[in-house]
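The values are calculated or read from the model by the stated rules, or taken from the named source; none is laboratory data. Note that this is a predicted model, so its numbers are computed, not measured. Cβ atoms come from the backbone with ideal geometry, glycine included; neighbour counts cover every protein chain shown. Please note that ligands, DNA and RNA were not included when accessible areas were found on the heavy atoms of the full protein model with its side chains. Shrake-Rupley method; radii C 1.70, N 1.55, O 1.52, S 1.80 Å.
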Amino acid sequence: MTGARPASEGGDDTSVRLRGGNGLGTDPRTTSPWRPPRGPVVCLGETMAAMAPAPPHSLDGADSLRVSVAGAESNVAMYLADLGLPVSWLSAVGDDALGRRVRVAIERAGVDVSGVRTDPARPTGLLLKDPGTAGTRVHYYRQGSAASALGPDLLDDERLGGAALLHLTGVTPALSPSCRALVERALGTPPARRTHAVSFDVNHRPALWPPDTAARVLRDLADRADIVFVGLDEAQDLWGAGLTEIDVRGLLSRPRVLVVKDGGRGATAFTEQGVCTVPALATEVVEPVGAGDAFAAGFLAGLWRGTDLTRALRLGHITAASALKVVGDHGTLPDEGTVGAMLALAEQDWCQAPMS
């Protein structure tokens, strides 16, 4: 279902623009929610080298592995660049071949990586993906990595001084005490006194957390952000098996915008103006890892451009579908005309639209 849409506030630039493209149009009957001011976006967090066999092989039977890069925050950064936003990625990599590969791959996607540190004493993190019939298992090799040594001083980077939005995830505070202190500092200033908005994707990774710690820490951090993303399934794992989307809003009542994603069914955005739900697209799934990051980027791009909640959620679904169709975390978006046409579909047509 789709939530009620209050009347338009009027006077907003509600276009969504792809990199190098033209505006995709607006629907004046829908209301634009609160949104961050226009300006550069900074995404902060660890990116690793990733190795995975080609589908349908598992690690046990594969003769070769494909090398790519994987990091929640850099995934968001690369999709934001695809969608035309000015974006930087802040992190650290080792002084090694994998670190150079990570940096080059993200820079080629149109992301400013000039603030990424090179640590001569610590390695770049690594993960292995193991696809299987029950889903993809991910094995991390990131303890003692270059990014795990990051701390609150990273927030003194000049790029944050001119940023409109900082994007963080719940992965970073799980990496080390210094990384947790970094995120706590980033969210420590009350929203009314911040020089930039803060977006936070809960992104719960159970393997990274000591027992019985993630639920409290992630709820506290998320409730301090301006924009929050959380999957309904991960909210249920963290805070209670029977939670509904409305229950999650009760637990995270302070963010200006809360988006609760319900897998392949849809996503619901809660704001002070009301609630809006948009169904997901029917999409063939090659590999699901990275789709949540892609969704966050699409939604943030829509919000940043000033579009209404329905189109922001739709852009999230469109972007997520591009990640679902590839083995790596960063897929190719549809062409500008296709995106524009999908954003403009009537509600009943959107629900029937396949993602080719």
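Evaluate E = 1/(1 + (r/R0)^6) for Thr136 and Ala241, where r is the Cβ-Cβ distance and R0 equals 22 Å; express this FRET efficiency to the nearest 0.05.
Numbers: r = 23 Å, r/R0 = 1.05.
Efficiency at R0 = 22 Å is approximately 0.40.
If every alpha-carbon in the stretch 140-219 counts as one equal scatterer, what log10 I(q)/I(0) does Debye give at q = 0.12, 0.15, 0.25, 0.26 1/Å?
-0.35, -0.55, -1.32, -1.38
According to the Cα gyration tensor, what semi-axes, each the square root of 5 times an eigenvalue, does the equivalent ellipsoid of the chain have, listed from largest to smallest in whole Å?
Working: eigenvalues 171, 108, 85 Å².
The answer is 29, 23, 21 Å, longest axis first.
Between Asp212 and Ala344, what is the label-point separation in nm under the 7 Å Cα-to-beta-carbon projection?
About 5.7 nm, to one decimal.
Which distance in Å, rounded to a whole number, links the C-alpha centroids of the stretch 168-202 and the stretch 204-266?
Cα centroid of the stretch 168-202 versus Cα centroid of the stretch 204-266: 15 Å apart.
How would you rank 195-204, 255-264, 58-67, highest first, on the average number of other Cβ atoms within 10 Å across their residues? Before the final figure, lay out each step's value.
Values: 195-204: 23.1, 255-264: 21.5, 58-67: 12.0.
Averaged packing, sorted descending, gives the order 195-204, 255-264, 58-67.
At 1.306 mPa s and 10 °C, plugging the Kirkwood radius over alpha-carbon pairs of the stretch 210-255 into Stokes-Einstein gives what diffusion coefficient in µm²/s? Write out the running numbers ahead of the final one.
Numbers: Rh = 10.8 Å.
Once the numbers are plugged in, D ends up at 148 µm²/s.
What per residue convex hull volume, in Å³, do the alpha-carbon atoms of the stretch 71-185 yield?
Working: hull volume 13.8 nm³, N = 115.
Taking the convex hull of the Cα positions in the stretch 71-185, it is 120 Å³ per residue.
Scattering from the C-alpha atoms of the stretch 223-344 alone, worked out with Debye: what is log10 I(q)/I(0) at q = 0.10, 0.11, 0.19, 0.21 1/Å?
Listed by q, the Debye log ratios stand at -0.29, -0.35, -1.02, -1.21.
Using the beta-carbon distance between Trp34 and Asp63 and R0 = 51 Å, what value does 1/(1 + (r/R0)^6) give for FRET efficiency, to the nearest 0.05?
Details: r = 52 Å, r/R0 = 1.01.
The pair Trp34/Asp63 has a calculated efficiency of 0.50.
How high is the relative contact order of the chain, in percent, counting Cα pairs under 8 Å that sit 6 or more residues apart? The partial results should precede the final answer.
Details: 800 pairs, mean separation 67.3, N = 356.
Computed value for the chain: 19 percent relative contact order.
How much length, in nm to one decimal, is gained on full extension between Gln352 and Asp223, taken as 0.36 nm per residue of separation minus their Cα-Cα distance? Working shown, then result.
On the way: separation 129, 0.36 × 129 = 46.44 nm, distance 3.49 nm.
Taking 0.36 nm per residue and subtracting the Cα distance, the gain is 42.9 nm.
So, by mean Cβ neighbours within 10 angstrom, what's the order for 42-54, 332-344, 116-128 with the highest one leading? Numbers along the way, then the final one.
Numbers: 42-54: 24.5, 332-344: 16.5, 116-128: 18.2.
Answer by packing, highest mean first, reads 42-54, 116-128, 332-344.
Can you send over the carbon and sulfur percentage of the accessible area for the chain, probe radius 1.4 Å, protein chains only? Each step should come with its number before you reach the end.
Numbers: 7430 of 14690 Å².
Roughly 51 percent of what the probe reaches on the chain is carbon or sulfur.
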